[in-house]
Amino acid sequence: MSRARADEEEYWHSSKFRAFTFDDEDDELSQLKESKRTVNSLRDIVDDDDDDLERVSWSGEPVGSISWSIKETASGSTSSLEGRDSSLQKGSSSYAALPKQGSSYSLSSLFKGRNKLSSFQSLSDALTDTGVKNFAPELRRPRAEYKDYSSDWSPKDTVRRMQRGKVCSLERFRSLQDKLVLLDEAVAGHDGNVITAVLIFLKRTLRREILFRELEVRQVALCHLIHFLREMGEQKFLLDLLRFLDRTEEVALSQYREHLNIQDVEKRREFLKGCIGLPFSAEDTSHIQDHYTLLERQIIIEANDRQLEMAGQSELFRKYPRKASILNMPLVTTLFYSCFYHYTEAEGMFSSPTNLKKTFKIPDKQYVLTALAARAKLRAWGDVDALLTTKNWLGYTKKKAPIGFHRVVEILQRNNAPVQVLQEYVRLVEDADTRLNLATKYKCHDVVIETYRDLKDRIQLTAYKDKVERGSAEEEKIHSILSNMEETHIVSIREGNGSAEERLLNPQQLSHLS
């Protein structure tokens, strides 16, 4: 009785919940750890399969060897026949005896999913199957996918499928006639990609002489092949094709383009020297000669200027260091370089701008434009004035600009020329509207005032007075012009023939007439 009472007291005073302490771990984390330990212990049990030991069959041969596989296959086929006969007699008792090959299975194989005999896929298969090996049938591709590789397509159908992006084998076209028909169909389809693909196939499978002969009468395909060879850089094949077609000038030009791949300056100069004798046209021959001469000049100028720059003897090179080499530069760039660093040199020097102009027959417009840009960049306004000043045979001087004074003003303004220099050349612009626009844009007030005065536009002159500073010389000049325009009168004098002439007379002239 006392013991039952004690159990009852323990029941009512006990609890399955514990008080919280910081030493306790999270419930979920503890469960996760417990599950992990359980899995690891199970893995240890499963892996303990003596994998390191060599397993043998009932006959004593190692399981998995070639001889064992052959015997098992043969025994499996015979046992399947015997199993079928015995199953009719014994009925369900056949399930009691498993085949011997099942001995090669282990517990780890069932857990790990490994099937060492591969004669059945599961335990139920092992119980029901008597050794016959069943293989899944091979899944074949749909028949439509094999049509692209079929050898029954005609040249026309092949071209159509290539236009649609289908993969087509061209190897079935073996005879020359079939290949030419395929090329003609590709040209008739007007698809450049297909034509190029067929040409690549012909280029690979035909001799050059036969290919060149057939392409000579197919100009569209010939142009495609020439363009393809140039893009791919197959220079030797291209030269052979052009020589076969007797295109001597194109052969020469193709050889001339090879200088672009030569980096060494001396080798490029010698290569250009050899190109002068190639069968170019008269105009192209002069260009090749000029190219060779220019490169020769650039080599000389570069050597001298590099020495001056390293020695530090030229103030111009110290103030404006060179940013790049002059080698392999165009003619206009070389002229600008010469006008910038060697403008005052005598004509006999190779680096003189006048020497370059005379040697390469540079037009006056190009020379003035380049020299003006170079001297304006140096802010040499005296050289700019001398460049635009000409003298006639009587000794009179005048300003002349082959490029137009409006372009002169724009070049000077880009190089931050002072207003006094700009006004001098804005006045020389012939068109009044252009002159007014330039003067207003660049704030050449004197030119604007003078132009309105010449146009006798009192309204615009009065409106422009508000745009200049109060008390400035420009405002005083506008007041003076407006006052003179008020005192001016128009007097009409009728002659005997009835015609009238309008004259602008000031008050003094009116007093004489009276």
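Sorting 153, 393 on solvent-accessible area from highest to lowest, probe radius 1.4 Å, gives 393, 153. One chain, two ends: residue 172 and residue 480. Fully extended at 0.36 nm per residue, the span grows by 101.1 nm beyond their Cα-Cα distance. Which GluC sites (Glu not before Pro) from the stretch 406-435 combine a DSSP loop assignment with at most 11 other Cβ atoms within 10 Å? Those that pass, being in a loop and sparsely packed, are 430. Residues of the stretch 340-366 with an amide N closer than 19 Å to a point placed 7 Å from the Cα of residue 307 along the Cα-to-Cβ direction: 341-343, 345-346, 348-352. Taken over the stretch 161-288, the convex hull of the Cα atoms encloses 130 Å³ per residue. Return the carbon/sulfur percentage of the accessible area of the stretch 386-427, one whole number, probe 1.4 Å, all protein chains in place. Ligands and nucleic acids excluded, carbon and sulfur reach 49 percent.
Spin-label model, residue 246/residue 266: points 7 Å from Cα along the beta carbon direction are separated by 4.3 nm. Residues 162, 310, 349 ordered from highest to lowest accessible area at a 1.4 Å probe: 310, 349, 162. Relative to the current alpha-carbon distance between residue 434 and residue 419, full extension at 0.36 nm per residue lengthens the span by 3.7 nm.
Taking all protein chains as shown and a probe of 1.4 angstrom, residue 266 keeps an accessible surface of around 90 Å².
Sparsely packed loop sites in the stretch 310-409 (the GluC sites (Glu not before Pro) outside DSSP H, G, I, E and B with at most 11 other Cβ atoms within 10 Å) comprise 347.
A Förster radius of 41 Å combined with the Cβ-Cβ distance from residue 220 to residue 315 puts the calculated FRET efficiency at roughly 0.05.
Rolling a 1.4 angstrom probe over the protein heavy atoms with all chains in place gives the stretch 306-400 an accessible area of 62 Å² per residue.
Plainly put, the stretch 232-324 has a radius of gyration that is 1.17 times its Kirkwood radius, both from alpha-carbon atoms, as the Rg/Rh ratio.
First select every other residue whose beta carbon is under 15 angstrom from the beta carbon of residue 433; then total the charges, Lys and Arg +1, Asp and Glu -1. Mind dumping the intermediate values first?
Values: positive: 427, 435, 441; negative: 430, 431, 450, 454, 457.
Overall, the nearby charge balance is -2.
Taking a point 7 Å out from the Cα of residue 234 in the direction of its Cβ, the residues of the stretch 164-180 whose backbone N falls within less than 18 Å of it are 170-171, 179-180.
Extending 7 Å from the Cα toward the beta-carbon at both residue 473 and residue 332 defines two label points whose distance is 3.9 nm.
For the stretch 206-257, the Kirkwood radius over C-alpha pairs fed into Stokes-Einstein at 20 °C and 1.002 mPa s yields D = 193 µm² per second.
Beyond 22 Å, what percent of the Cα pairs of the stretch 387-467 remain?
Values: 1003 of 3240 pairs.
For the stretch 387-467, the share of Cα pairs beyond 22 Å comes to 31 percent.
Overall, the accessible surface of the stretch 263-362 at a probe of 1.4 angstrom is composed of carbon and sulfur to the extent of 56 percent. At the residue level, residue 270 shows approximately 90 square angstrom of accessible surface with a 1.4 angstrom probe and all protein chains present. Rounded to two decimals, the Cα radius of gyration of the stretch 339-430 over 2.2 N^0.38 Å is 1.10. Of 331, 294, the residue with the largest accessible area leads and the full order is 331, 294 (1.4 Å probe). Sequence-distant contacts, meaning Cα pairs under 8 Å at least 6 residues apart, place the relative contact order of the stretch 257-397 at 15 percent. Ligands, DNA and RNA aside, residue 176 has an accessible area near 60 Å² when probed at 1.4 Å.
The values are calculated or read from the model by the stated rules, or taken from the named source; none is laboratory data. Worth saying up front: this structure is predicted, and the values here are computed from it rather than measured. Cβ coordinates were reconstructed from backbone atoms using ideal geometry, including for glycine residues, and neighbour counts include every protein chain displayed. Note: areas computed on protein heavy atoms with side chains; ligands, DNA, RNA excluded. Shrake-Rupley method; radii C 1.70, N 1.55, O 1.52, S 1.80 Å.
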